[in-house]
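Trainee: Sharing a structure here in C-alpha cells format.
The numbers here are math on the coordinates, done by the rules we state, and not lab data. Bear in mind the structure is a predicted one, so any value in this text is a computation, not a measurement. Here the Cβ positions follow ideal geometry from the backbone for every residue, glycine too, while neighbour counts run over all protein chains shown.
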Amino acid sequence: MIAIHFNFIAYMKKTTQLYEGKAKKVFLTDDADLVIQEFKDDATAFNNKKKGSIAEKGVVNNAISSKLFTLLESNGIRTHFVEKLSDRDMLCRFLDIIKVEVVVRNIAAGSLVKRYGFSEGTVLENPIVELYLKNDDLDDPLMNEAHAVALGVATFEELAVLKNRAEAINMLLKTFFAERKLKLVDFKLEFGRHNQEILLGDEISPDTCRFWDLETNEKMDKDRFRFDLGGVEDAYSEVQRRVLELD
C-alpha cells in the first residue's frame, strides 16, 4: 500500500481577520497556533500623519522578510516565520505581541539626529539599542526599561532578552547587507510570546529598516517616501534584488 502524505500548510486558508495595521493584515486560520500575515501596499510615515501607497510594496516586503527570517532561523534566531504562502501572504506562528518596539542604530539618522544633534551619517562606535512603547495614540514614545515594566508591557527579564536578541540580529544582518553593498543604518524589531518563548515577529524590510547604498549613501528605504525623494518603487525593488541575489 502506498502512503500518501499531504502538505497541510499548502491548504492553509484565512478565516477571521484578527488585525489590520498600517502595512499588514493578520488573519486567523483553522489552526489556532498559526496566522496568515498579508502584506499591503499602503504606506505611512510620521506615525500615520502621512499616508500613501507604494506599488507592489507588499510583494517586495513579503519576499525580503521571508528571506531574512529564513536567514535568522538558520543562525539560531527563532522567529514567527513558518512559510511564504504566496506573493503577499506569510504563514506565521501566533504571537502575543510585546508592546515594545526595539530600534537598533548603527549610523546616525532620523530621530537620533533630531533629538541629540548627531550629524547624519555619523558611524556609531557602538550600536545604540532603544526601546519605544508600541502605542500609536501616544506616537510610540521613547522609553527605558523602568517605564516598560511600570506600564506592565514587559518584565526586566523579557527586556533583557529583547535587547540581547536585537544585538545578535544586528550582527548577522550588518554582515549580510554589507555583502550586498548595503549599509544597515538602523532598523525596528518587534517580538512576541509563543508557548513560553520569545520570538521575533512583524517584518524586516525597507519599511522597517534604513538602507543606504554602500558606495554612494543613496537612501534605499521608506525615507524616499517620507521625504518625497522619488524613486520609491525602484529603491524597494533594488533592495529586493540584492537581498534575493537576483541578476
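Trainee: Which of the chymotrypsin sites (Phe, Trp or Tyr not before Pro) across segment 157-247 are loop residues per DSSP, with 14 or fewer other Cβ within 10 Å?
Mentor: Within segment 157-247, the qualifying chymotrypsin sites (Phe, Trp or Tyr not before Pro) (loop, at most 14 other Cβ atoms within 10 Å) are Phe227.
Trainee: How large is log10 I(q)/I(0) at q = 0.11 Å⁻¹ when the Debye formula is applied to the Cα atoms of segment 97-235, each weighted equally and without solvent?
Mentor: Result of the Debye calculation: -0.42.
Trainee: A further question on this structure: Where in segment 206-237 are there GluC sites (Glu not before Pro) that are in a DSSP coil and have at most 15 other Cβ atoms within 10 angstrom of their Cβ? Mind showing how you got there, number by number?
Mentor: Values: sites: Glu215, Glu218, Glu233; in loops: Glu215, Glu218.
Of the GluC sites (Glu not before Pro), the ones in loops of segment 206-237 whose Cβ has at most 15 other Cβ atoms within 10 Å are Glu215, Glu218.
Trainee: Let me ask another. Could you work out how much longer the chain between Asp228 and Met171 gets when fully extended? Use 0.36 nm per residue separation minus the Cα distance between them, nm to one decimal.
Mentor: Values: separation 57, 0.36 × 57 = 20.52 nm, distance 3.08 nm.
Working it through step by step, the gained length comes to 17.4 nm.
Trainee: Between Val129 and Lys49, take the C-beta separation as r, use R0 = 22 Å, and let me know the FRET efficiency to the nearest 0.05. Show your work: numbers first, answer last.
Mentor: Values: r = 26 Å, r/R0 = 1.18.
For R0 = 22 Å, the calculated efficiency reads 0.25.
Trainee: State the extension gain, in nm to one decimal, for the chain segment bounded by Arg115 and Lys181, taking 0.36 nm per residue of separation less the distance between their alpha-carbons.
Mentor: On the way: separation 66, 0.36 × 66 = 23.76 nm, distance 2.87 nm.
In short, 20.9 nm is gained.
Trainee: For all pairs of alpha-carbon atoms in the chain, what percent lies in each bin of width 5 Å, listed from the first bin to the last filled one?
Mentor: 1, 6, 13, 17, 20, 19, 13, 6, 3, 1, 1, 0, 0, 0, 0
Trainee: Let me ask something else. Among the chymotrypsin sites (Phe, Trp or Tyr not before Pro) in segment 30-108, which ones are in a DSSP loop with at most 15 other Cβ atoms within 10 Å of the Cβ? Mind listing them? All intermediate terms of the calculation are to be shown ahead of the outcome.
Mentor: Working: sites: Phe39, Phe46, Phe69, Phe81, Phe94; in loops: Phe46, Phe94.
For chymotrypsin sites (Phe, Trp or Tyr not before Pro) across segment 30-108 that sit outside H, G, I, E and B with at most 15 neighbouring Cβ atoms in 10 Å, the list reads Phe46.
Trainee: Taking the Cα centroid of segment 138-172 and of segment 23-69, what is the distance between the two, rounded to the nearest whole Å?
Mentor: Between the Cα centre of segment 138-172 and that of segment 23-69, the gap is 23 Å.
Trainee: Kindly rank 119-127, 82-90 from highest to lowest mean number of other beta carbons found within 10 Å of each residue. Don't skip to the end; give the middle numbers.
Mentor: Numbers: 119-127: 10.6, 82-90: 17.3.
Listed from highest to lowest mean packing, they are 82-90, 119-127.
Trainee: Give me the percent relative contact order of the chain, please, defined on Cα pairs under 8 angstrom at least 6 residues apart. Let's see the in-between values first.
Mentor: Working: 446 pairs, mean separation 41.9, N = 247.
Reported relative contact order: 17 percent.
Trainee: With a point put 7 Å past each Cα toward its Cβ, work out how far Val149 is from Val161 in nm, to one decimal.
Mentor: 1.6 nm
Trainee: Hey, another quick one. Quick check: from the Cα gyration tensor, does segment 8-93 come out rounded (a/c under 1.5), prolate or oblate?
Mentor: Values: a/c = 1.92, a/b = 1.33, b/c = 1.44.
Oblate.
Trainee: Could you tally up the Lys pairs in segment 97-235 with alpha carbons closer than 13 Å? Skip any pair fewer than 8 positions apart unless they're on separate chains.
Mentor: Details: Lys99/Lys134; Lys99/Lys188; Lys134/Lys188; Lys163/Lys188; Lys174/Lys183; Lys181/Lys219; Lys183/Lys219; Lys188/Lys222.
Value for segment 97-235: 8.
Trainee: Same structure again: Could you work out how much longer the chain between Ala32 and Ile97 gets when fully extended? Use 0.36 nm per residue separation minus the Cα distance between them, nm to one decimal. Each step should come with its number before you reach the end.
Mentor: Details: separation 65, 0.36 × 65 = 23.40 nm, distance 1.56 nm.
Stretched fully, the Ala32-Ile97 segment lengthens by 21.8 nm.
Trainee: When a footprinting reagent is the concern and you count Cβ atoms within 10 Å, what order do Lys14, Lys24 take, fewest first? Don't skip to the answer; put the middle values down first.
Mentor: Numbers: Lys14 17, Lys24 20.
Listing Lys14, Lys24 from fewest to most nearby Cβ atoms yields Lys14, Lys24.
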